[in-house]
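Contents: one structure, followed by commentary.
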Amino acid sequence: MIAQQRVLALGSLALQPNQSTNTAFQISWTILRIVAGVVMVHNGLDKLANIESFANAYVAYLGLPFPITLSYMAAFTELIGAPLVALGLFTRPAAMGLVFTMLVAMYHHIKVAGFSIPYLELSALYAATFLFFVINGGGQFSLDALLANVFNRMRTNQTDGKRASLEDVFQRSDEVKPGTKSAL
């Protein structure tokens with residue numbers, strides 16, 4: 001029972017986005033999340049279109065081990081993580097994976113062209129955008145917020161159930177007449 005409460009509390013905490021009562025802010029947050037997630041998907045598709053070429057041109061060039069494996073990991077992080085961000089489902093872990101892939105992309109661009117803004121701008125904007133979602137979650141209009149509310153209701157129902165049980169115990173103890181033994 002205690003373990004279940006901890007799981008519910010952790011689930012609620014992990015999924016709960018930062019809250020703002022400003023509706024315009026929440027709507028713009030949602031638009032940013034959807035747009036960033038949707039436009040990121042093509043990067044994963046591009047990698048899978050010719051994985052060996054990507055592995056040689058980007059991953060092996062950086063001297064990273066297992067270039068094909070890492071290329072598949074990057075592609076699937078983008079193909080799975082980006083739609084999750086767009087939906088606002090498991091937003092923080094999905095965005096964390098996308099931040100990491102964008103940091104590697106930025107490192108590649110720096111290694112190839114130095115600190116050239118034209119090469120860095122897109123991956124830097126993606127990294128900053130996904131970092132925003134790592135820190136703030138999916139927002140009020142996300143599946144994470146919906147799940148967090150479900151977890152909170154489940155926790156509340158469990159604690160209400162405990163209160164009812166304690167109330168029953170106290171009511172039963174009041175019913176015991178003085179001088180008799182209590183069943184408690």
Checklist entry - Given 25 °C and 0.890 mPa s, how large is the Stokes-Einstein diffusion coefficient of the stretch 30-155 in µm²/s, with Rh as the Kirkwood radius over Cα pairs? => result 162 µm²/s
Checklist outcome for this item: Here the stretch 127-142 yields Karplus 3J(HN,Hα) values (6.51, -1.76, 1.60; θ = phi - 60°; whole Hz; Gly and Pro given as x) of 4, 5, 5, 6, 5, 4, 6, 5, 6, 9, x, x, x, 5, 9, 10
Checklist entry - How many Å² of accessible area per residue for the stretch 30-155, probe 1.4 Å? => result 53 Å²
Next on the checklist: Highest mean first, how do 98-111, 58-71 rank when packing is the count of other Cβ atoms within 10 Å averaged over residues?
Outcome noted: 98-111, 58-71
Item to check | Karplus 3J(HN,Hα) series, Hz, for the stretch 63-80 with 6.51 cos²θ - 1.76 cosθ + 1.60 (x for Gly, Pro) | outcome: x, 7, x, 6, x, 5, 4, 5, 5, 4, 4, 5, 4, 6, 4, 6, 6, 9
Checklist outcome for this item: Highest mean packing first, using Cβ neighbours within 10 angstrom, the peptides 74-86, 28-40 sort as 74-86, 28-40
Checklist outcome for this item: Packing-ranked peptide list from 42-54, 133-145, highest mean Cβ count within 10 angstrom first, is 133-145, 42-54
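The values are calculated or read from the model by the stated rules, or taken from the named source; none is laboratory data. In this text the structure is predicted, and so the values were computed from the model without any measurement. Every residue, glycine as well, gets a Cβ built from its backbone with ideal geometry; the counts of neighbours run over all protein chains shown. Quick note on the areas: whole protein, heavy atoms, side chains included, nothing else; ligands and nucleic acids left out. Shrake-Rupley method; radii C 1.70, N 1.55, O 1.52, S 1.80 Å.
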